[in-house]
1. Run through segment 91-132 and list the chymotrypsin sites (Phe, Trp or Tyr not before Pro) located in a DSSP loop whose Cβ has at most 13 other Cβ atoms within 10 Å.
2. Considering only GLN240, GLY199, TRP222, whose Cα is most displaced toward the positive end of the charge dipole of segment 182-333, charges sitting on Cβ of Lys, Arg (+1) and Asp, Glu (-1)?
3. Once the other residues with Cβ under 12 Å from the Cβ of ARG333 are scored (Lys, Arg +1; Asp, Glu -1), what is the net sum?
4. What whole number of Å gives the distance from the Cα centroid of segment 214-239 to the Cα centroid of segment 130-180?
5. Could the peptides 243-253, 310-320, 100-110 be put in order, highest first, of the mean number of other beta-carbon atoms found within 10 Å of their residues?
6. Among 168-175, 335-342, 217-224, what's the highest-first ranking by average C-beta atoms within 10 angstrom per residue?
7. What does the C-alpha gyration tensor say about the overall shape of segment 237-338? Classify as rounded when a/c is under 1.5, otherwise prolate if a/b is larger than b/c, or oblate.
8. Please say if segment 77-161 is rounded, prolate or oblate, where rounded means a/c under 1.5 for a ≥ b ≥ c the square roots of the C-alpha gyration tensor eigenvalues, and otherwise the choice is prolate for a/b larger than b/c and oblate otherwise?
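Read-outs throughout are calculated quantities, based only on the coordinates presented, and are distinct from any laboratory measurement. These numbers come from a predicted model, not from an experiment. Cβ sites come from the backbone with ideal geometry, for glycine too, and all protein chains shown count toward neighbours.
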Amino acid sequence: MSTTLEAPAKLAPEMPAPDAGSEDDAPTTTEHDHDQEHDQEQERAANKPRPARPLRRIMTAVAVVALLGGMVVAVIGFALSYRSLQAAALGWGFGPDGARAFPIGIDGGVIAFGAIDLLLVWRRMPRPLLRHAAHLLTAVTIALNISAAINGQNIWSVLTTDPGRVIGHATMPVLFVLCVGAARHAVVRTGELEDGTGGIPAHRWLMDPRGTMSIFRTMRVWDVPYAEVREQRRELAIHQVWKEHREDIEAGRLEALPGLLAPHGLTVEEALAMPARMRRAEQERQQVAEREARILAQEAEAEKRAAEQEARLAALEAEAEALRAQGEVDVLRATVEGERKAAEHRAEAAADTAGIEASAARNAAERRATEEERRAEAEQEAQETAQTAALRRRAAEDNRKAAEAEDATARTKAEAAARLRKAAEDNWVAKRAEEEAADKEEAAQAARGRAAAHREAVARAELAAVAAEDAARLSERERTIRRVARMILVEAGGTAIALPLARIEEVIGVSNGTASGYRSDAADLIERGYDHRTDPLHVAAYV
């Protein structure tokens, strides 16, 4: 029975009997009532009977004994089967050392695979292949022990004449497998009991195959454990009974309710307490719905207030912007008005000044006219002299202007020449900088080339030294054979018979028979993968 269904049954005696009224007449559950019920549930959970300490100590001792017994069984089984496996390994040609290690590998594999399987099961990562491998190795151990027991005789005759000998040799490995299986079952069931998982019991398939198939499908499709699916189906069946017989239950006719709920595993007390539990659950749902509705309403109200606040802020900002614009217009209007008045004042002052200047000009003109009249007579007399002086002054003025024009032309030419000289100097400096940069780049490239040449020379010298050292280790005949092999590869395309013996006699300076021997040895060297391009002898000669 799950905790969800047991709590109402235990609360039933403490609650008043339900009235025959409708659902609206039920008392409303407050937050304080919920707190009291929660405190009561915690108190009942704290007061639940716990396993007695002596029983726990006894079971701990039993577990220790089981562990020690399993270890003793494993050690004894390993010791008894060691000699049988060793004798079988010697007969199979493993040798003394291999025969001593063979039993450790077989029985150690059984222990290792069994332990790893238990560890993976405990970590919720089962690997059936390991368990099967351990069983296979155990079968091998049993077969080898039985083979040692019959000692080459017919197994059926031994079973009929001396079955104890065969059973005795096969018992210890079987006991070890049983110990490992018991430990695995304990680990698996403990994990299933802790997290509520586990498979569907076999008896349920026999008693309700159709409903069990539906549960199995839900478990596999939605990845839900069996205990949760079973509780879900039970709650659904109870809710269906409540919905079908709600009117009779609300009217107080509860006589048939225990019989309706008995197939679903509810006791009489739990069945009678079911209406109150369903009412409380429905009230709680209503309260949750009302609470969520209030929260949604509050959120909507807050959003509305926020929108109104944003609208007010936008209006205030628009009004402030309008005021700022109006202030700018007023400032501009005042500026224009001030400039207009200032222009009027300046115009009036200019008019007054013009009047004064006109009056002064008129008086000056009158004075000049009087003076001109007086000078006219004198000028009339000295007209000829004045004309001559005027011509002279005009000529002097023309000469002065011509000299000034010449000076201005000379200054212009000097400035143009200075600019040309400055541009030429700048071009020369830039060209000089480019030439210096090119010289530096050429020097750097030359230095890099010299460094590369130096590195190449060093590498060549090192290679030549290594090649010379390698070549120095060869005998004179080996050097001659390698030279002949190079001639075959270079001149005869790798075919020894295609290289004439006369050519070898000419190059090496030997007789015909010796040349034939060199060619044969060189052909063997080529067949072994000789490559003249990587031969230190030729590298030393051509580096």
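1. Answer in residue order: TRP92.
2. Value computed over the given set: GLY199.
3. Overall, the nearby charge balance is -3.
4. With segment 130-180 and segment 214-239 each reduced to a Cα centre, they are spaced 45 Å.
5. Descending packing order for the listed peptides: 100-110, 243-253, 310-320.
6. Details: 168-175: 17.9, 335-342: 10.0, 217-224: 11.5.
In descending order of packing, they fall as 168-175, 217-224, 335-342.
7. prolate
8. Working: a/c = 3.23, a/b = 1.71, b/c = 1.88.
Cα axes put segment 77-161 in the oblate bin.
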